[in-house]
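J.: Let me begin by handing over the structure; questions about it come next.
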Amino acid sequence: MTGLVIGNVQAADNSFKETLALKQLTLPSELLNYQADASKGEQLANQRCIACHGDAMLKMMATYPNLKGQKGAYLFKQLVQFKRGERTNPIMQGQASMLSETEMKDVALYYSQQTAVDLSQ
């Protein structure tokens, strides 16, 4: 699900599905219909993602992407592709391999709801 915090949840879910369809990412219907949980995503992000994608590391490593405010479908697609080996990065492949696809959807929703901040200062 994409990061619409308020408003029509159904519209957000449809947008997520449409984005993945455009990117030709084939997924089982159970996963597409899974309603992502941002609180679960926050827990996972704080356990697995923060070391590289947290504000402190992003200030030191400008090459690491800031995930805050990114589109949920985009983040989810990247994680799936790392897990499937369609996108290569040894660190991210290892991290993605430890997540289920529903957990990926939770993390993607969590980050999509965060506000991007300028860390260059």
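J.: For region 63-116, give me each residue that is more than 24 Å from residue 28 (Cβ to Cβ) and in contact (Cβ under 8 Å) with a residue 40 or more places away in the chain.
T.: Within region 63-116, 66, 67, 68, 69, 113, 114, 115, 116 meet the criteria.
J.: Let me ask something else about it. Please go through region 75-94 and pick out each residue that is over 18 Å from residue 109 (Cβ atoms) and hydrophobic (A, V, I, L, M, F, W, C).
T.: Passing the criteria: 91, 92.
Throughout, read-outs are computed from the coordinates displayed, never taken from laboratory work. Remember, predicted model here, so these are calculated numbers, not experimental data. So basically every Cβ, Gly included, is an ideal-geometry build from the backbone, and we count neighbours across all protein chains shown.
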